[in-house]
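First the structure, in the form of structure tokens, and then the observations on it.
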Amino acid sequence: MAELLQIKSQVKEFQQEYVDKNSYAEENRQKENQAATRIQSWFRACKVRAYLSHLHKQAVIIQKIWRGFTARARFRQMVKAAYFIMKMNFYEEMAVRIQRRWRGFFVRKYIHNFYARKSYLEGVSQKNELVRQELDELEELQKRERDCLEMVKEQTAKVYQAYRLHHLLSTKQCPGVFNSPFRPAPHEMEQLLRQVKYQAPTRLAHRGRSCLLGMPGPAAPSFPGTPGSPWIKNTRTCSSSRPILHPIACKKEQSQFREPGEVWEQHLHCPDLTLRLQTSHTHLEEAQKQLRQQEGTGSMLHHLSHSRSSFTHPAYAKSFR
Amino acid sequence: MSQRQIIQVFEQYQKARMQFVQTVADLASRPQNIEILHNAGVMSMLRPLMLDVVPSIQQTAALALGRLADHSDDLAEAVVKEDILPQLVHSLSLQNRFYKKAAAFVLRAVAKHSPELSQSVVASGGVDALVLCLEEFDPGVKEAAAWALGYIARHNALLAQSVVDAGAVPLLVMCLLEPELALKRIAASTLSDISKHTPELAQTVVDNGAIAHLAQMILNPDAKLKRQVFSALSQISKHSVSLAELVIEAEIFPAAVACLRDPDEYVKKNVTTLMREVVQHTPELSQVIVNCGGMAAVIDYLGNCSGNLRLPGIMMLGYVAAHSENLAMAVILSKGVPQLALCLSEESDHTMKAATVWSIGQIGHHTPEHAKAVATANLLPKLLELYMDASSSEDLQAKCKKALKSILQKCTYLPGLEPLLYDAPSNILKHVVCQFSKVLPHDSKARRLFVTSGGLKKVQEIQAEPGSPLQEHINAINSCFPEEIVRYYSPGYSEVLLERLENYQPA
């Protein structure tokens, strides 16, 4: 029993101890749990950290190698590119030199050719000189022509006046208006009057007056030109550009007269009048005989042609009867 | 009364009418009678006589009417108002050639005064009737019809178009081939009047082959014909490059230059006008004319004539020089600049002066060589004078300014620039000073000359705002010279020296 009481008192103590221990453990459980968690976490962290740093180191190694590889590749590429660019620059520079030379040459030779421009301008000056000279000559020529025409007009007017004033010519008895005795020499009009040939005005003088230069008086053959005129005696032989036809209504001018003796002779001269014919009076029969002979040999046409020709003969023969 | 007596009455009346109409026609040929005739109511008297039975009375009445209408536009309007036109037009197709001539004369006399009157002629069908007349045989009728058409077409493009629409142009070109000189003249003048308005009209004229025929008539001895031919060719070529090229291809050019020595002054003027119209389009066309020696001929022509006749020549030189610098050099070598200087000094009309100034500007603005040629002819002071002159017209002043500016920007001929330092206003002065500042740094002789001729002194006297381009140029010039010289020439230096003298204490 004592042991039971002891155990019972121990039970109480035991229970109490148990409860105390439980409560003590209960109290410390939290703390110890936390502590354990902490230690575990820290340890795990260390583990992980070590693992991570290991991983990092490995990664670094990989990246280092990779980067070196790519950088070297890139560098090789860059070197190639730089080399290429250097070459291109060199080529371009050389090309620029060539182009520069070429463009300078081309522009100087073809586009802004100094010598061509110089020679062009010289050519222009020379051409101008030439043209000026030629124009001067042309003008001179034209002026001379005009003056000449003027003079011709004046002269024809004067001659016409002289022709109209022919009656003012001085005679042996009485000096004319233009030949005054007080003058040292006769007036030029006087000379003209002396030269002008007077023509009795015919019906055609009216027409002649209106177109003086074109159609001269009825008798003169042509209008010669400057000093000559139809009225001036001495110029007859000059040629004209236009053939002047004789006016139709004029009397036919008689050609040179024959000597009176010739005409008398013609009147008195008797031709050889005989009773004989110039041909024989059997001429007709002989001719016909000839024809008939030829007729036998020839054709119809031949005969016809001969018969036609034979017709002429009777007429011929008849004329002397 | 017997038949004979009755008929005698009629004959007397006819004689009276004839006499009246002939007297009126004679009186109408003198201008002083026309007012009196108009107040006496001649228009209403003549109108029934135009319907008269006797053809010679009709013709003389038409002639009198034409002379009256020719004289003044009131009478021409009276002709229109009295409704004579439709009847004239109607009888144009029926009557004989003398009447046609007289009727065409009336239409011409009416149409010449104003576009409205021409429009009324067109409205009454006159153009078609006149074109029918152009197909007649008689050259007098053709001439009168062509003349009337020319006066109608002269006024404006619409009327010219109506003439062309009636089919006149081929007939006119055929008239050019006729042997009568008067007809050729009138046909050429009408073609010129038609083609002057628009390029399409000119193209129509060209399409009918007018150019070849006109080109053949260039060396004809008749002066009036040549006037009209050249006028027609210039009116055709003024519109466009292709028309001008067509005219040049007809190979008129070396031959036309000979006409520049014709005694008739209007021929010369029209040749120069033709050259101007051709030259203004492209450098190649100008080249053609320069190569055949046209430049020298025109410059000689400018020397020989005076007044308004010079204008086309001056403008031609300007157009040629405007295209490129070697053409401008060709103008200079042909002695164009002294001639233009002469023109500038001799002419007093402002439009002429403006044209001359413009031409000079076109010549001088290309390179320093050209500017030097202009400056040596002493033109720069003259241009400045014209610019400053208050009595110059605005157009002249504007052109002077433009020419001066453009020449000065290229001028490096310092003796020519110096006179301009003294009188020029500031906007011109800055260009002058700019040129000095460009040349002086490089040329020592020029610097010496600049100092001795008083140019440096003048430059110091110029007052410019600091910072303006003028001041910069002045500084650039001053930096070309040693400081003592610049100070010596600066204004007021003598006072400064005297002050220093006063303050000086001898030791």
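The values are calculated or read from the model by the stated rules, or taken from the named source; none is laboratory data. Note that this is a predicted model, so its numbers are computed, not measured. Reconstructed Cβ throughout: ideal geometry from the backbone, glycine too, with neighbour counts over all protein chains shown.
What the table below lists for this structure:
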{"quantity": "Count of residues meeting criterion [loosely packed, with under 10 Cβ neighbours inside 10 Å and either not aromatic (Phe, Trp, Tyr) or not in a helix (DSSP H, G or I) (or both)] in the range A:99-114", "calculated": "1"}
{"quantity": "Of residues in the range B:227-266 being among the aromatic types (Phe, Trp, Tyr) and more than 14 Å from every other protein chain (Cβ to nearest Cβ), the one nearest to the chain's Cα centre (by Cα)", "calculated": "B:TYR266"}
{"quantity": "Residue ID - modelled with the lowest pLDDT, chosen from residues in the range A:11-39 that are among the acidic types (Asp, Glu) and either under 25 Å from A:MET1 (Cα atoms) or not in a helix (DSSP H, G or I) (or both)", "calculated": "A:GLU13"}
{"quantity": "Tabulated pairs, the range B:289-300, first more than 7 Å from every other protein chain (Cβ to nearest Cβ), second in a loop (DSSP other than H, G, I, E, B) and charged (D, E, K, R), C-beta under 9 angstrom, 6+ apart or interchain", "calculated": "B:ILE299/B:LYS335"}
{"quantity": "Condition check for B:HIS197: assigned to a helix (DSSP H, G or I), surrounded by fewer than 23 Cβ atoms within 10 Å (Cβ to Cβ) and of a type outside the set (A, V, I, L, M)", "calculated": "no"}
{"quantity": "Test: residue in the range B:372-393 that is surrounded by 20 or more Cβ atoms within 10 Å (Cβ to Cβ) and not in a helix (DSSP H, G or I)", "calculated": "yes"}
{"quantity": "Cross-chain or 6+ apart pairs with Cβ under 7 Å, the range B:57-68 first and assigned to a helix (DSSP H, G or I), then at pLDDT 90 or above and not hydrophobic (A, V, I, L, M, F, W, C)", "calculated": "B:ILE57/B:ARG17; B:THR60/B:GLN22"}
{"quantity": "Residues within the range B:275-288 that are assigned to a helix (DSSP H, G or I) and either of a type outside the set (A, V, I, L, M, F, W, C) or within 13 Å of chain A (Cβ to nearest Cβ) (or both), tallied", "calculated": "7"}
{"quantity": "Residue that is modelled with pLDDT of 85 or more and either away from chain B (no Cβ under 11 Å) or in contact with a Leu (Cβ under 6 Å, 6 or more places away or on another chain) (or both), where the choices are A:ARG144, A:ARG132", "calculated": "A:ARG144"}
{"quantity": "Unique residue being part of a helix (DSSP H, G or I), more than 13 Å from every other protein chain (Cβ to nearest Cβ), charged (D, E, K, R) and within 17 Å of the chain's Cα centre (by Cα) when the list is B:LYS184, B:LYS269, B:LYS224", "calculated": "B:LYS269"}
{"quantity": "Hey, B:ARG500 at pLDDT 85 or above and over 48 Å from the mean Cα position of the chain (by Cα) or not", "calculated": "yes"}
{"quantity": "Qualifying residue in the range A:218-227 (condition: surrounded by 14 or more Cβ atoms within 10 Å (Cβ to Cβ), modelled with pLDDT under 85 and polar (S, T, N, Q))", "calculated": "yes"}
{"quantity": "Output for the range B:329-341, where each listed residue is within 11 Å of chain A (Cβ to nearest Cβ), part of a helix (DSSP H, G or I) and buried (at least 20 other Cβ atoms within 10 Å of the Cβ)", "calculated": "B:MET329, B:ALA330, B:VAL331, B:ILE332, B:GLY336"}
{"quantity": "Residue match in the range B:33-56 (condition: loosely packed, with under 14 Cβ neighbours inside 10 Å, in a helix (DSSP H, G or I) and among the acidic types (Asp, Glu))", "calculated": "yes"}
{"quantity": "Every residue from the range B:303-326 that is within 14 Å of another protein chain (Cβ to nearest Cβ), surrounded by fewer than 23 Cβ atoms within 10 Å (Cβ to Cβ) and assigned to a helix (DSSP H, G or I)", "calculated": "B:GLY303, B:ASN304, B:GLU325, B:ASN326"}
{"quantity": "Condition check for B:ILE474: hydrophobic (A, V, I, L, M, F, W, C), within 19 Å of B:ASN378 (Cβ to Cβ) and surrounded by 15 or more Cβ atoms within 10 Å (Cβ to Cβ)", "calculated": "no"}
{"quantity": "Residue identified as surrounded by 19 or more Cβ atoms within 10 Å (Cβ to Cβ) and outside any helix (DSSP H, G or I) among B:CYS400, B:CYS411", "calculated": "B:CYS411"}
{"quantity": "Test set (1) within 14 Å of chain B (Cβ to nearest Cβ); (2) closer than 30 Å to B:ILE332 by Cα; (3) among the hydrophobic types (A, V, I, L, M, F, W, C); (4) loosely packed, with under 12 Cβ neighbours inside 10 Å - A:VAL124 fails condition number", "calculated": "(4)"}
{"quantity": "Residue match in the range A:102-121 (condition: away from every other protein chain (no Cβ under 14 Å) and over 30 Å from B:ILE332 (Cβ atoms))", "calculated": "yes"}
{"quantity": "Members of the range A:94-147 found to be aromatic (Phe, Trp, Tyr) and over 19 Å from B:GLU369 (Cβ atoms), listed by number", "calculated": "A:TRP102, A:PHE105, A:PHE106, A:TYR110"}
{"quantity": "Out of A:LEU149, A:LEU138, sole residue that is within 14 Å of chain B (Cβ to nearest Cβ) and within 30 Å of B:VAL290 (Cβ to Cβ)", "calculated": "A:LEU138"}
